[in-house]
Amino acid sequence: MEVKTDGGAASVTSEELAAIEDEEVLNKMLDNAENFEERRIIRAALRDLLKKKRDKREQDRGARQQDLKQQVLSKGGTTSAGVNIGRASMNQQTSINRSTGQSSPSASTPFTRTTGRKASPAAVSAEQCPSSVPNAKNVKQMLLDWCRAKTEPYEGVDIQNFSSSWKDGIAFCALVHRFFPDAFEYSILNPNAPKENFQLAFSTAERLAGCPPLLDADDLVRMKEPDWKCVYTYIQEFYRCLVEKGLVKTKKRQ
């Protein structure tokens, strides 16, 4: 199978796609793909690349832990001590990676609550969401399809709606990572840590896309499932910010 490059004249094969190790290159090729078959093969290459990076990271972690255990044993320590040090190193590394691309704790908190001061009109609480735009059923479905297409290569993401599909924060992170792949390491994210995932996605979108943090991570984790109107409103705003930055191209109406 051959896929056209940006120039249109040349083409690349499945084997050449598999040799590409830059997510941004594959993402650009996916955006420029002209038909379903081209998009399918590029998405497959992108999924394989993400899996390869995740596997390599796991191997590196194991090697680092083993090295630390050997260092402790060579100094007269115990195996237990080596394991503890290895775990501490892994936790520290995870913490560092999660902090990459995040703003300060105060900046990552979506709402500023100052006595005697009104919150920004743009700030939307997860418990007080604006009503959706009337007669926007088609727009809603188009936006859902867009989210699904952009996150399709990401493991652990299956967007079927604007509510339960987003409850662990992984979908938010995948969507943001799709446009800013260097902002954080997607493969280390933990679906059992939804609050950290929400904060990472919202703070990164705010810092790099200029998207206001309309949702509050604390509110979201208290809910069994996010309110679809809140998620829909946030994704609309994120999409608008991407368009303003030229990262998403829209079709002009005649």
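The values are calculated or read from the model by the stated rules, or taken from the named source; none is laboratory data. In this text, all values refer to a predicted model and were calculated from it rather than measured experimentally. Every residue, glycine among them, receives a Cβ derived from its backbone with ideal geometry; neighbour counts consider all protein chains shown. Please note that ligands, DNA and RNA were not included when accessible areas were found on the heavy atoms of the full protein model with its side chains. Shrake-Rupley method; radii C 1.70, N 1.55, O 1.52, S 1.80 Å.
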Q. Which members of region 181-203 meet the condition of being open to solvent by less than 30 Å² (accessible area, probe 1.4 Å), among the polar types (S, T, N, Q) and over 9 Å from the mean Cα position of the chain (by Cα)?
A. 187, 203
Q) How many of the residues in region 214-232 are among the aliphatic types (A, V, I, L, M) and assigned to a helix (DSSP H, G or I)? A) 4
Q. Which of the residues spanning region 33-44 are at pLDDT 80 or above and outside any helix (DSSP H, G or I)?
A. none
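One line per residue, one yes/no per condition, for (1) closer than 18 Å to residue 174 by Cα; (2) modelled with pLDDT under 75; (3) in contact with a helix residue (DSSP H, G or I) (Cβ under 8 Å, 6 or more places away or on another chain); (4) part of a loop (DSSP other than H, G, I, E, B):
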position: 3; (1), (2), (3), (4): no, yes, yes, no
position: 16; (1), (2), (3), (4): no, no, no, no
position: 25; (1), (2), (3), (4): yes, no, no, no
position: 28; (1), (2), (3), (4): yes, no, no, no
position: 31; (1), (2), (3), (4): yes, no, no, no
position: 46; (1), (2), (3), (4): yes, no, yes, no
position: 49; (1), (2), (3), (4): yes, no, yes, no
position: 72; (1), (2), (3), (4): no, yes, yes, no
position: 80; (1), (2), (3), (4): no, yes, no, no
Q) Can you tell me which residues in region 153-180 are over 17 Å from residue 226 (Cα atoms), at pLDDT 95 or above and open to solvent by 20 Å² or more (accessible area, probe 1.4 Å)? A) 179, 180
